[in-house]
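First the structure, in the form of structure tokens, and then the observations on it.
Here, each number is a calculation from the coordinates, and none is a lab measurement. All of these numbers come straight from a predicted model, not from anything done at the bench. Please note: Cβ atoms are built from the backbone with ideal geometry, for glycine as well, and neighbour counts cover all protein chains shown.
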Amino acid sequence: MINLEASHLAKRFGDTQAVVDVSFAVAPGEIFGLLGPNGAGKTTTIRMLLDIFKPDSGSIRIFGGEMDQEKKRRIGYMPEERGLYKDLKLEPTLVYLAALKGMEEAEARARLGDWLERFDLAEHRTKKVQELSKGMQQKAQIIATLVHDPDLVVIDEPFSGLDPVTTRLVKEIFEEQRQAGKSILMSTHQMYQVEALCDRIVLIDEGRTVLYGPVAEIKRNFAGNAVVVEGQGDFGGIPGVIETRRQNGTWHMALEIGTDPQAVLRSLAAREDLRIERFELEEPSLDDIFIQTVQEKRPGARG
């Protein structure tokens, strides 16, 4: 059974068409990436999935049917705009949030003990939320999202404000959730985290689904749209190249869809101010694919 299925969602606010046509599905036991540039319609889509907004058209199925109160309790949600009660102490706040998901107080406190220990927050449980650092508050938000053991986790920018040690811990927890058969819908701009974690992704732009499928398959399909070059000179400004970046002395070039890498090589070879020492195809990163896809769909954004 699919845990979440969105089909041809659309939503308008006055004169603004926030979502035009978005479709995707999230299966049990997978981490799924919801991607898109700012203003693409990601937040509106999430709010429709969670029954905060009603779609103007299209359909949503949660755990095989329509959303109801019981199904809402099986969902954990962490929005990008964090919302803990800053004047309250940490543990009572988390107990209260767990109670909103149907947990008894005793069970909530028992589960919280393990989570607070794991996130190094146990000694801070009696502090007011506002007395915690930003990173600690972020960890508390993650605990609030997971403490009731949801079957579907919807989480927006999960790694924002986290140090490298906590980032690794959160990634481990996500993997545990996946192994337990849970679904995680993750929205983030950190593409390297998407590559490391996500089984499948959907990329939306201007309210429409423009790319959807397994990460590995998408990267194979875009092979040949990126090259790596080593040599001497400035390798910027090459026709057919969307983005050029230099990393550790090597130039990485993301090509426009349809650009022949051999044409790029000929352009480089024709430049008298350049010396080419290595030129080869590179498997594009999701960053490259993101840029290529969005700019291909929106030609006016180039330049």
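Restricting attention to the range 25-74, report how many residues are at positive phi and not acidic (Asp, Glu).
Total meeting the criteria: 7.
Looking at this structure, is residue 263 within 30 Å of the chain's Cα centre (by Cα) and either surrounded by 12 or more Cβ atoms within 10 Å (Cβ to Cβ) or under 26 Å from residue 22 (Cα atoms) (or both)? Before you say what the answer is, go through the steps one by one.
Details: within 30 Å of the chain's Cα centre (by Cα): no; either surrounded by 12 or more Cβ atoms within 10 Å (Cβ to Cβ) or under 26 Å from residue 22 (Cα atoms) (or both): yes.
No.
Being among the hydrophobic types (A, V, I, L, M, F, W, C) and over 19 Å from the mean Cα position of the chain (by Cα) is the filter; apply it to the range 278-295 and report the residue that is nearest to residue 268 (Cα to Cα). Even if it seems obvious, please write down each step before you answer.
From the range 278-295, those among the hydrophobic types (A, V, I, L, M, F, W, C) are 279, 281, 286, 289-291, 294; that's our starting set.
Adding the requirement that they be over 19 Å from the mean Cα position of the chain (by Cα) leaves 279, 281.
Details: 279: 10, 281: 14 Å.
Top of the filtered list is 279.
State which residue is farthest from residue 191 (Cα to Cα) when the search covers only the range 115-165 and only residues that are among the β-branched types (Val, Ile, Thr) and in a helix (DSSP H, G or I).
Our first condition is that a residue be among the β-branched types (Val, Ile, Thr); within the range 115-165, this holds for 126, 129, 142-143, 145, 147, 153-155, 165.
Still in the list and also in a helix (DSSP H, G or I): 129, 142-143, 145, 165.
Numbers: 129: 30, 142: 20, 143: 24, 145: 22, 165: 19 Å.
For the range 115-165, the residue satisfying everything is 129.
Which one of 202, 170 is within 21 Å of residue 49 (Cβ to Cβ), under 18 Å from the mean Cα position of the chain (by Cα) and surrounded by 18 or more Cβ atoms within 10 Å (Cβ to Cβ)?
Matching residue, one of 202, 170: 202.
In the range 58-103, which residue that is over 21 Å from residue 31 (Cα atoms) and of a type in the set (Ser, Thr, Tyr) is surrounded by the fewest Cβ atoms within 10 Å (Cβ to Cβ)?
Of everything passing the filter in the range 58-103, 59 is surrounded by the fewest Cβ atoms within 10 Å (Cβ to Cβ).
Need pairs with beta-carbon distance below 9 Å; first residue within 15 Å of residue 275 (Cβ to Cβ) and within the range 242-255, second among the basic types (Lys, Arg) and part of a strand (DSSP E or B); sequence gap 6+ or separate chains.
Note: pairs meeting the criteria are 250/278; 251/245.
Filter the range 215-245 down to the residues that are within 25 Å of the chain's Cα centre (by Cα) and either among the aromatic types (Phe, Trp, Tyr) or over 14 Å from residue 282 (Cβ atoms) (or both) and list them by number.
Residues satisfying the conditions are 215, 216, 217, 218, 221, 222.
Name the single residue, out of those in the range 6-43 being over 17 Å from the mean Cα position of the chain (by Cα), of a type in the set (D, E, K, R) and outside any loop (DSSP other than H, G, I, E, B), that is nearest to residue 211 (Cα to Cα).
Step by step, filter the range 6-43, then rank; the result is 21.
Any residue in the range 1-14 that's crowded, with 18+ Cβ neighbours inside 10 Å: show its pairings with residues that are of a type in the set (Phe, Trp, Tyr) and in a strand (DSSP E or B) at Cβ separation under 7 Å, as long as the two are six or more apart or on different chains.
Between residues of the range 1-14 that are crowded, with 18+ Cβ neighbours inside 10 Å and residues that are of a type in the set (Phe, Trp, Tyr) and in a strand (DSSP E or B), the close pairs are 6/24.
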